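The values are calculated or read from the model by the stated rules, or taken from the named source; none is laboratory data. Everything numeric in this text was worked out from a predicted model, so none of it was measured. Ideal geometry is used to build each Cβ from the backbone, glycine not excepted, and the neighbour counts take in all protein chains shown. In case anyone asks, the SASA skips ligands and DNA or RNA and just uses the protein heavy atoms, side chains included. Shrake-Rupley method; radii C 1.70, N 1.55, O 1.52, S 1.80 Å.
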Amino acid sequence: MIVMRMQRDVSLAQAQTLARQLSRDRFPAEAVRAGEETLLVLTENGQGEEVFANLKGVDEIVQVAAPYPLASRELHPEDSAVRVGNVVIDGGAGPIVIAGPCSVESEVQIRSVAESVKRAGAHILRGGAFKPRTNPYSFQGLGEEGLRLLKEAGESVGLPVVTEVMSPAAVELVSEYADMLQVGARNMANFDLLRAVGQSGRPVLLKRGMASTVDEWLQAAEYILSAGNPGVVLCERGIRSFDSATRNTLDLAGAVLAKQRSHLPVLADPSHGTGVVSLIGPMSYAAIAAGLDGVCLEVHPNPTEAYSDGEQALTPRAFERIMKQISQAFAPAGNGRRSTPNIG
Ligand code: PEP
Ligand code: MN
């Protein structure tokens, strides 16, 4: 791809005009904002960058090999940090733990989980209000009532909240209640939704599709970034494979590869990634030891009675044990940076 960095005084509107002119001249171009910069992004059609050398307002022309220039480390070598409420996900100060039930079920349930995960040291509370269920007769979530209960529970314990949004039409509503929007695995390639969350101004937790390559996942992130939203956090939640012994295959290698190729924070979700309670602790440990920025875990006060994903839910006690192991192993060192070995 060819990326043109525009001069500081070029506005997005001016860059858009230039992009339209280039597109008319058969060089399809997109103007995007990336942090402080305005960029023009063009797919290469064998034209070579010298064609654009004399364009007005262009500061620098860069060739980018990845089809996701904004997500790639090529233009942005440093790790980026994403703020969710008062929490910063940047992989530096210690692993970030998102925890809570699969679904918000009642005020009593979500408050009880919020209190236990907060006590155990979680940083962000999760809980689904709009649930993407395989079967239309399964519990679909409490909808707006669930959003309200989640927000109140988060506020009462002082944790920001993340919840899934399933359609572009619901982005505004969910953004009123949530500090972070989750795009679920089944929607990773819903490009209208990606654009809509890209315009929401809320940070986004982007799950990897269960049959998506790392490259497709990073291009999904590019949709959100190119819509003007720099707050993207990737989450590996397992891909489909042949072995039914686990619910999915948690692709930690793919997650680390995403982290190597992209500057975005990357989390792992061993709850959906394995579907097996006894594997969640070891896989959380492995994900953080491999350099990921944290984990996303499902916790329920009474897993056997959960409305969804009860078989993979941790009890508050099991969650607390995992938190102790993680914090002992990966406590920040004296300099405030975490002690994960920087391997490779
Ligand atoms: C969830 O987080 O409860 C969920 C449905 O996740 P995924 O989209 O990864 O299946
Ligand atoms: Mn779930």
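Remark: accessible surface ordering of Thr304, Thr274, Thr246, Thr213 (largest first) is Thr304, Thr213, Thr246, Thr274, probe radius 1.4 Å.
Pairs with C-alpha atoms separated by more than 22 Å, drawn from the list Lys118/Lys259; Lys118/Lys324; Lys151/Lys324, are Lys118/Lys259; Lys151/Lys324.
Take every pair of alpha-carbon atoms less than 8 Å apart whose residues are at least six positions apart; their mean separation over the length of the chain yields a relative contact order of 16 percent. Solvent exposure of Tyr285, expressed as accessible area, is near 110 Å², computed with a probe of 1.4 Å over the protein chains only.
Placing Val157, Val183 in order of accessible area, with the largest value first and a 1.4 Å probe, yields Val157, Val183. Taken per residue, the accessible surface of segment 1-66 reaches 60 Å², heavy atoms only and a 1.4 Å probe. Counting only protein heavy atoms and a 1.4 Å probe, tell me what percentage of segment 1-84's accessible area is made up of carbon and sulfur. Looking at segment 1-84 in its full context, I get 46 percent from C and S. Taking every DSSP beta bridge that has both ends in segment 145-251, the antiparallel portion is near 10%.
Diffusion of the chain by Stokes-Einstein, at 37 °C in a medium of 0.692 mPa s and with Rh set to the Kirkwood radius over alpha-carbon pairs, works out to 158 µm²/s. Each Cα pair under 8 Å and six or more residues apart adds its separation to the average, and for segment 174-265 the resulting relative contact order is 25 percent.
A straight line joining the Cα centroids of segment 21-35 and segment 154-211 runs 27 Å.
Of the trypsin sites (Lys or Arg not before Pro) found in segment 19-50, the ones in coil according to DSSP and having at most 11 other Cβ atoms within 10 Å of their Cβ are Arg26. Only helices enter this figure: runs of n ≥ 4 DSSP H residues, each worth -39500 (n - 2.57), summed and divided by the residues of the chain, yield -10000 deg cm²/dmol at 222 nm to the nearest 500.
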